[in-house]
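I have placed the structure first, in the form of structure tokens, so that the comments after it can refer back to it.
The values are calculated or read from the model by the stated rules, or taken from the named source; none is laboratory data. What you see is a predicted model; the values in this text were computed from it and never measured. Please note: Cβ atoms are built from the backbone with ideal geometry, for glycine as well, and neighbour counts cover all protein chains shown. To get the accessible areas, we keep the full protein, side chains included, count just its heavy atoms, and leave off ligands, DNA and RNA. Shrake-Rupley method; radii C 1.70, N 1.55, O 1.52, S 1.80 Å.
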Amino acid sequence: MQSGNSIGVNGVTARAVVDRKSGELHRRLLSAAVLAALALAAVYWGGLYYPLLILAFALVMAWEWDRLCGEGAFGLSGAALMLVAAAVVYMAATGHHLVALAVNLCGALFVLAVARLAGRPNPTWIALGALYIGVPVLALVWLRGDGAFGRDVVLWLFAVVWATEIGAYACGRLIGGPRLAPRISPKKTWAGAVGGILAAVLVSVAAAEVAAAEPKGLLLFAVLVSGAAQGGDLLESAVKRHFGVKDMSRVIPGHGGVFDRVDGVLIAAPVTALVWLAGGGIASWR
């Protein structure tokens, strides 16, 4: 039989757990709201604001990646990663997209050389970070460069990724069921994956109505981009599991690192750019 003191202690402990979880949720929501507002404002206004925001995110991700691969320490290879990321953003923002791609590819080799000369652990992994960061950054800057059309495409991209995350989380929690990839991310379910895609489709239906566009191609495109975003989430989870960490960093209260917040966009953005180049899906917006 439990004593009154034991029951009282258990009650206090339970309240402390609830309060802590509530505080974490509030921090998470506030951080998400601030980041979303900054992203949407930068996309809408364009100009220098957008590439500067992309640059800031890219530099933080370079720092996170070098620390992740470098056993928690930031080294000379991280500075090289930052340099490559900055060069890619600059070249893309000034309209030299092919040069930016070449800089990115050569930059990965440069980072590999620096990592090896500096005696950094996991030099190949560190070099891969140049592509993991640089290709999405190039895609995001290039997509926004097409005036009002580019603005609308990037806004749609962000809306699809965010809707996917919200839909996947909600359906996963409410429905549960079989796990999607238990060895990589045990909490993700097939129900959540389907819910994320449905949420992305609903957002795209609204976007097609607003843009007076042909919805069929856009909806198929939304399914593809939503799947890519979820693949990006799983990819980052697999990387973190490989290195035995929970979060990339703690720079964003309630979310961890920048990588943890934008993992879906990192894959969805290049997919969107490739579809644009192929003339599918979003071509009907014009």
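Miscellaneous remarks
- Which numbered condition Arg120 fails, given (1) assigned to a helix (DSSP H, G or I); (2) touching a residue at least 40 places away in the same chain (Cβ under 8 Å); (3) not β-branched (Val, Ile, Thr): (1)
- Annotation for the range 124-147: at least one member residue is farther than 28 Å from Asp233 by Cβ and in a helix (DSSP H, G or I).
- Selection status of Trp45, open to solvent by 60 Å² or more (accessible area, probe 1.4 Å) and among the hydrophobic types (A, V, I, L, M, F, W, C): yes
Each row is one residue, and each column tells you yes or no for (1) within 21 Å of Val154 (Cβ to Cβ); (2) open to solvent by 20 Å² or more (accessible area, probe 1.4 Å).
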site: Val205; (1), (2): yes, yes
site: Leu219; (1), (2): yes, yes
site: Gly232; (1), (2): yes, no
site: Ala238; (1), (2): no, yes
site: Gly254; (1), (2): no, yes
site: Val258; (1), (2): yes, no
site: Asp263; (1), (2): yes, no
site: Ile267; (1), (2): yes, yes
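- The residues of the range 48-87 that are surrounded by 14 or more Cβ atoms within 10 Å (Cβ to Cβ) and not in a helix (DSSP H, G or I), listed by number, are Gly70, Phe74, Gly75.
- Candidates Gly192, Gly172 - the one that is without any contact (Cβ under 8 Å) to a residue 40 or more places away in the chain, in contact with a strand residue (DSSP E or B) (Cβ under 6 Å, 6 or more places away or on another chain) and either within 23 Å of Glu236 (Cα to Cα) or in a helix (DSSP H, G or I) (or both): Gly172
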